[in-house]
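The values are calculated or read from the model by the stated rules, or taken from the named source; none is laboratory data. Since the model is a prediction, treat every value here as computed from it, not as a measurement. Every residue, glycine as well, gets a Cβ built from its backbone with ideal geometry; the counts of neighbours run over all protein chains shown.
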Amino acid sequence: MQSIMISMLVVTFIFHSDVSPEQQETILNQINRWESVQKVTHLNPNATHPELLRMCNAYLVDRADQVQIVKKLMDIPEIELAEIPAKRSLIN
């Protein structure tokens, strides 16, 4: 089996539990306008469990600095945690 690395810059983050879905959407729209962000989404927009609805991904442009994006996200009071996920490889 051959291992294939697919590289996409991503940062995961989670909102505090008291942030309403409407507030989340407003903040996601703001983050989506950042120059380094290609797209921001809920981890599972169709989730029914409140904990899953708090989790999001920010997909970044190739030149983005993930560490700076994490710091910028952590400056938003409504965000509880932001981090760079562990690298994974797909096995072909």
Restricting the range 67-92 to residues that are of a type outside the set (A, V, I, L, M) and out of contact with any Ser or Thr (no Cβ under 9 Å at 6 or more places or on another chain), the residue that is farthest from residue 16 (Cα to Cα): 88
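Per-residue answers, yes or no, for (1) in contact with a helix residue (DSSP H, G or I) (Cβ under 8 Å, 6 or more places away or on another chain); (2) loosely packed, with under 10 Cβ neighbours inside 10 Å; (3) of a type in the set (Lys, Arg):
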site	(1), (2), (3)
43	yes, no, no
50	no, yes, no
53	yes, no, no
60	yes, no, no
64	no, no, no
Residue 23, sole failed condition from (1) touching a Cys at 6+ places or on another chain (Cβ under 8 Å); (2) modelled with pLDDT of 95 or more: (1)
Scan of the range 50-71 for residues that are of a type outside the set (A, V, I, L, M), farther than 14 Å from residue 15 by Cα and modelled with pLDDT of 90 or more, ordered by number: 59, 65, 66, 68, 71
Counted residues, the range 20-37 - those being surrounded by 13 or more Cβ atoms within 10 Å (Cβ to Cβ), touching a helix residue (DSSP H, G or I) at 6+ places or on another chain (Cβ under 8 Å) and not polar (S, T, N, Q): 3
Selection within the range 23-61 - in contact with a strand residue (DSSP E or B) (Cβ under 9 Å, 6 or more places away or on another chain) and among the charged types (D, E, K, R): 39, 51, 54
Helices (runs of 4 or more DSSP H) contained entirely in the range 11-76, each with at least 1 residues that are within 19 Å of residue 87 (Cβ to Cβ), touching a Leu at 6+ places or on another chain (Cβ under 9 Å) and not small (Gly, Ala, Ser): 66-74
Of residues in the range 1-10 being among the aliphatic types (A, V, I, L, M) and part of a loop (DSSP other than H, G, I, E, B), the one modelled with the highest pLDDT: 9
